[in-house]
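**Student:** Let me give you the structure first, and then I'll get to my questions.
None of the figures in this text is laboratory data; all of them are computed from the coordinates on show. Because the structure is predicted, anything quoted here is derived from the model rather than measured. Counting neighbours? That spans all protein chains shown, and the Cβs are built from the backbone with ideal geometry, glycine included.
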Amino acid sequence: MTATRGCAVVTGAAGGLGVTIARRLAGDGYTVLLVDVNPAVQDVVASMTADGVAAVMCVADLSDDAGVAKVADAVGRVGEPLALLVNNAGITRDARLLKMSEAEFDMVIAVNLIAAMRLTLGLEELFVPGSSVVNMSSRAALGNFGQANYVTSKSALVGFTRALAQRWAPRVRVNAVAPGLIDTPMTQAMPSDVLANLVAKIPAGRIGTPVDVASAVSFLASPDASYINGQVMTVCGGRSIAP
């Protein structure tokens with residue numbers, strides 16, 4: 001496989017936003033390494049390669065250093081410089097704070113924040129000058145009822161983004177994308193009246209699409225964003241500024 005822009009690692013790539021992001025980056029000229037704990041990522045890569053896309057996969061649990069080592073080894077097998085890391089993997093375990101168990105809180109923090117930090121720092125030596133990291137935060141970082149664990153993880157990820165951007169500059173840029181309400185299987189599972197009420201609050205007048213998010217990731221990783229570092233791009237149709 002040969003790509004002009006190097007290797008792009010995308011976590012949480014077995015479904016949802018991850019697949020769309022991976023396909024967009026492949027179209028941008030990267031060889032894409034799709035990482036997920038779910039073995040179904042193999043089917044995603046098979047579909048992409050059948051379409052002529054430069055993609056490989058790595059089934060890895062990022063909850064420990066062994067998983068990070070698997071990803072690093074997979075990057076080495078790609079044989080191209082690590083140009084981009086997209087920390088997209090994430091979960092929710094929603095509940096009112098008083099009813100949220102410690103296990104539910106810890107699990108979301110572990111996947112959404114700690115795993116992203118562990119992987120990013122674990123791959124540090126593989127990044128080359130001009131490389132980029134894009135962390136997937138959320139508009140929910142501003143606060144959402146019933147999501148104290150998720151809000152905490154995504155707001156902390158913004159802090160990590162800004163701290164690492166200062167530490168790694170100018171060799172590697174680190175930014176974040178904060179999606180709002182996006183049309184994914186998770187939102188499609190909402191009661192129709194609840195979803196309609198949420199969409200009605202979006203100034204853009206529609207729900208976001210995975211392509212909207214993938215476009216933001218693509219931009220932040222591109223040379224056009226070479227002077228953007230330590231920033232959060234909120235992709236929410238204006239919901240974050242609405243009453």
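**Student:** Quick check: the angle from helix 41-50's long axis to the longest principal axis of the chain, C-alpha only, nearest 10 degrees?
**Tutor:** Taking the Cα atoms of the chain, the angle to 41-50 is about 60 degrees.
**Student:** Quick one: net charge around ALA176, please, counting Lys, Arg +1 and Asp, Glu -1 for every other residue with C-beta under 10 Å from its C-beta.
**Tutor:** Net of charged neighbours comes to +2.
**Student:** List the lysines whose Cα sits under 23 Å from the Cα of LYS99, skipping any in the same chain fewer than 8 residues away.
**Tutor:** Output for LYS99: LYS154.
**Student:** Further question on the same structure: By how many degrees, 0 to 90 and rounded to 10, does the Cα axis of helix 210-221 deviate from the longest principal axis of the chain?
**Tutor:** In the chain, helix 210-221 runs at an angle near 50 degrees to the longest axis.
**Student:** Counting alpha carbon pairs within less than 8 Å and at least 6 residues apart, what relative contact order, in whole percent, applies to the chain?
**Tutor:** So the answer I get is 18 percent.
**Student:** Additional query: Using only Cα atoms, tell me the angle between helix 17-27 and the longest principal axis of the chain; keep it within 0 to 90° and round to the nearest 10.
**Tutor:** 40 degrees
**Student:** Among SER215, ILE182, PRO203, whose Cα lies farthest out toward the positive end of the dipole of the stretch 97-243, if unit charges sit on the beta carbon of Lys, Arg (+1) and Asp, Glu (-1)?
**Tutor:** Of the listed residues, the answer is PRO203.
**Student:** Add +1 for every Lys or Arg and -1 for every Asp or Glu among the other residues with Cβ under 15 Å from the Cβ of SER222, and state the total.
**Tutor:** +1
**Student:** Which value, in debye to the nearest 20, gives the size of the charge dipole of the chain about its Cα centre, when Lys and Arg are +1 and Asp and Glu are -1 at the Cβ?
**Tutor:** Around 680 debye, computed over the chain.
**Student:** Sort the stretch 7-234 into rounded, prolate or oblate with this rule: let a ≥ b ≥ c be the square roots of the eigenvalues of the Cα gyration tensor; rounded if a/c is under 1.5, and if a/c is not under 1.5, prolate when a/b is larger than b/c, oblate otherwise.
**Tutor:** Here the stretch 7-234 falls in the rounded category.
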